[in-house]
Amino acid sequence: MCKIGILDKLSFLLVLIGSLNWGTIGLFNLNIAKLISMNIPIIERFIYIAVFLGALDLFSLLFRCNLIMDEN
């Protein structure tokens, strides 16, 4: 059994929010990150970087928990 820490849970939340943002961009041409950041580019960039770092953490979780490699 793999222990999932608070950082992994936060990463999952960030990636989920990022995917919902991309869904709203594709479906409705509505960028939620831009709305949250009030059109301030540095804040919008920070949001995208946070989502990216969350995705990297979840990617590393696959290897830390042996979800990709089968030990049989």
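Tell me yes or no: at least one residue of segment 65-72 is loosely packed, with under 13 Cβ neighbours inside 10 Å and touching a residue at least 60 places away in the same chain (Cβ under 8 Å).
Going residue by residue through segment 65-72, those that are loosely packed, with under 13 Cβ neighbours inside 10 Å are 66-72.
Add one more test, that the residue is touching a residue at least 60 places away in the same chain (Cβ under 8 Å), and what stays is 66-67.
There is at least one residue in segment 65-72 that is loosely packed, with under 13 Cβ neighbours inside 10 Å and touching a residue at least 60 places away in the same chain (Cβ under 8 Å).
How about segment 54-72: which of its residues are within 16 Å of G5 (Cβ to Cβ) and not in a loop (DSSP other than H, G, I, E, B)?
Matches in segment 54-72: G54, L56, D57, L58, F59, S60, L61, L62, F63, R64.
Hey, among the residues in segment 1-53 that are in contact (Cβ under 8 Å) with a residue 24 or more places away in the chain and in a loop (DSSP other than H, G, I, E, B), which one's nearest to N66 (Cα to Cα)?
Checked segment 1-53; the qualifying residue nearest to N66 (Cα to Cα) is C2.
Take the residues in segment 2-16 that are modelled with pLDDT of 95 or more and of a type in the set (A, V, I, L, M); name whichever of them is nearest to F59 (Cα to Cα).
In this case the residue turns out to be V15.
Could you list all residues from segment 1-55 that are among the aromatic types (F, W, Y) and exposed (fewer than 12 other Cβ atoms within 10 Å of the Cβ)?
Once the filter is applied, which keeps residues that are among the aromatic types (F, W, Y) and exposed (fewer than 12 other Cβ atoms within 10 Å of the Cβ), segment 1-55 yields only F28.
The values are calculated or read from the model by the stated rules, or taken from the named source; none is laboratory data. Note that the coordinates shown come from a computational prediction; the quantities given were computed from them, not determined experimentally. Don't worry about glycine lacking a Cβ; one is built from the backbone with ideal geometry, like all the others, and counts go over all protein chains shown.
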